[in-house]
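Here the structure is laid out as structure tokens; the discussion comes afterwards.
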Amino acid sequence: MKLHFSTTHEDHRIALLAALAISIYIIESAFPSPLPGIKPGLANVITLFTFLCYGWKIALQVSLLRVIISSLLLGTFLSPTFLLSLSGSLLSLGILMLVHSLFYPHYLRQYQPSAIGYAILASVSHISGQFIVAWYFFIPHPELFKLLPILMTFAVILGIVSGIITQHLINKLCSTHNK
Amino acid sequence: MFTIGNILFKTTDFLILLSVSSLIIWLYSIFWSTDTLYGQAETLQVQYYNQVAIDYPLDTDRIIKVEGSLGSSIIEIKQGKARFIHSSCRNQFCVFHGWLNIVGDSTACLPNRVSIRLKGTLNPYDAIAGSQ
């Protein structure tokens, strides 16, 4: 029996972006982190780039593919790590969509944040999503909240860095992005 | 709105950064203040040698005079803090220690055998050893 799939140009684009994000995620997870819970999150550069360049539908698919496939490859599928990763990605994408739609009316469009603003929001909401899930499901202990300000501080710093990288990517690769 | 290289910074970016930073400062002030970490200091425990320790509330300012082995030690309680202001010993370590204001803080005049210690609702540790 032979199966035939017809793929569109969009599918190829999703596959390419997801593959990039997965590779970055796996390379990144091989490096030890100086502090547990803090990592650069460079894979989210791809998600953010996809969101700003190709829209939320493609970004959601890329992000879900990245979470599921990289967890399968790293052997953490359906484990706490996977749930943390999933919750962070979904919340950060949700916040991006919210802010993007907030600035969607034509008279507000000029105030739209650039990639850096979006990146800060994305990384802060990513860590918040992870934190909520970690606190609610895994470690419901009030002392965990002492970690939150530290995690948030690093989220802002690393968010600015990934925002700058995303802006470079958009300048180089994205011809259709809405300013 | 300005650019560095070919990176565009918009006013909204700064507004986002500002609001997120103030959120973080607020989080630090909630979860990292000494009150949340150690609880509120409520009483000052004063002890001479092996006699029963006496507790003084921190909410009233007062001067306490304790007779030690060498002479008198004078302890001051002011605005929820406490310190030695005079001691009849040579090195005056207890006076130089300064104010005690966090639960569990303690200082002692060993030659005079007088020690003081702040107590609160939650006591995070029994004692801390260290050197100056």
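The values are calculated or read from the model by the stated rules, or taken from the named source; none is laboratory data. Everything numeric in this text was worked out from a predicted model, so none of it was measured. Note: ideal-geometry Cβ built from the backbone for every residue, glycine included; neighbour counts use all protein chains shown. We work out accessible area using only protein heavy atoms, side chains counted, and drop any ligands, DNA or RNA first. Shrake-Rupley method; radii C 1.70, N 1.55, O 1.52, S 1.80 Å.
How big is the charge dipole of the protein assembly as shown about its Cα centre, in debye rounded to the nearest 20, if each Lys and Arg gets +1 on its Cβ and each Asp and Glu gets -1 on its Cβ?
Working: 19 positive and 14 negative charges, 119 e Å.
Its charge dipole is roughly 560 debye.
Report, to the nearest whole %, how much of the accessible area of the protein assembly as shown belongs to carbon and sulfur atoms, 1.4 Å probe, protein only.
65 percent
Please compute how much accessible surface disappears when B pairs with A, both sides summed, using a 1.4 Å probe, and round it to the nearest 100 Å².
Summed over both sides, the interface buries about 1900 Å².
What accessible area, in Å² to the nearest ten, does a 1.4 Å probe give for B:ILE85?
B:ILE85 exposes around 70 Å² with every protein chain in place.
Based solely on its DSSP helices, what 222 nm [θ] is calculated for chain A when runs of n ≥ 4 H residues each add -39,500 (n - 2.57) and the sum is averaged over all residues, nearest 500 deg cm²/dmol?
Helix contribution divided over all residues of chain A: -23500 deg cm²/dmol.
Can you give the direction-averaged projected area of the convex hull of the alpha-carbon atoms in chain B, in nm²? Before the final figure, lay out each step's value.
Numbers: hull surface 49.7 nm².
For the Cα atoms of chain B, the hull's average projected area reads 12.4 nm².
Once you have the Kirkwood Rh of the protein assembly as shown from its Cα pairs, apply Stokes-Einstein at 37 °C and 0.692 mPa s and quote D in µm²/s. Walk me through the numbers on the way to the answer.
Details: Rh = 23.7 Å.
In µm²/s, the coefficient is 139.
Can you give the accessible area of A:TRP56 in Å² (nearest 10), computed on protein heavy atoms with a 1.4 Å probe?
120 Å²
Other chains' Cβ within 10 Å of B:23-29 residues: what's the mean?
5
Over region A:88-179, one equal point on each Cα, no solvent: what is log10 I(q)/I(0) by the Debye formula at q = 0.11, 0.14, 0.25 Å⁻¹?
-0.38, -0.59, -1.25
Quick one: among A:PHE51, A:PHE154, A:PHE103, which has the greatest mean-square fluctuation in a GNM of chain A with alpha-carbon springs under 10 angstrom?
Highest fluctuation of the listed residues: A:PHE103.
Taking the Cα centre of chain A as the origin and placing charges on Cβ (Lys, Arg +1; Asp, Glu -1), which of A:THR7, A:ALA119, A:ILE58 is farthest toward the positive end of the dipole?
Highest projection toward the positive end goes to A:THR7.
Student exercise: in the protein assembly as shown, how many lysine pairs 8 or more apart or on different chains have Cα atoms under 28 Å apart?
16
So, taking all protein chains as they sit and a 1.4 Å probe, how much accessible area belongs to B:LYS119, in Å² rounded to tens?
Rounded to the nearest 10, that gives 50 Å².
Excluding B:VAL46 itself, what net charge comes from residues whose Cβ is under 13 Å from its Cβ, given Lys and Arg +1 and Asp and Glu -1?
Values: positive: B:ARG62, B:LYS65, B:ARG83, B:ARG113, B:ARG117, B:LYS119; negative: B:ASP55, B:GLU67, B:GLU76.
Summing Lys and Arg as +1 and Asp and Glu as -1 gives +3.
Please tell me the relative contact order of chain B in percent, rounded to the nearest whole number, where contacts are Cα pairs under 8 Å and at least six residues apart.
Computed over chain B, the figure is 22 percent.
List, in order, the whole-Hz ³J(HN,Hα) value for each residue of region A:48-62 obtained from phi through the Karplus relation with A = 6.51, B = -1.76, C = 1.60 and θ = phi - 60°; use x for Gly and Pro.
5, 4, 4, 4, 6, 8, 10, x, 6, 5, 5, 4, 5, 5, 4
Which Cys in chain B stand alone, with every other cysteine's Cβ at 4.7 Å or more from theirs?
By the Cβ distance rule, which asks for a partner under 4.7 Å, the isolated cysteines are B:CYS89.
Please report the base-10 log of the normalised intensity I(q)/I(0) for region A:24-179, using a Debye sum with one equal scatterer per alpha carbon and no solvent, at each q in 0.11, 0.16, 0.18, 0.19 (1/Å).
Log10 I(q)/I(0), no solvent term: -0.43, -0.90, -1.12, -1.23.
From largest accessible area down, sort A:HIS9, A:HIS106; use a 1.4 Å probe on the protein chains.
A:HIS106, A:HIS9
Which whole number gives the average count of other chain Cβ atoms within 10 Å of the Cβ atoms across peptide A:100-112?
Per-residue shielding by partner chains comes out at 1.
Between region A:112-152 and region A:49-92, what is the separation of their alpha carbon centroids in Å?
16 Å
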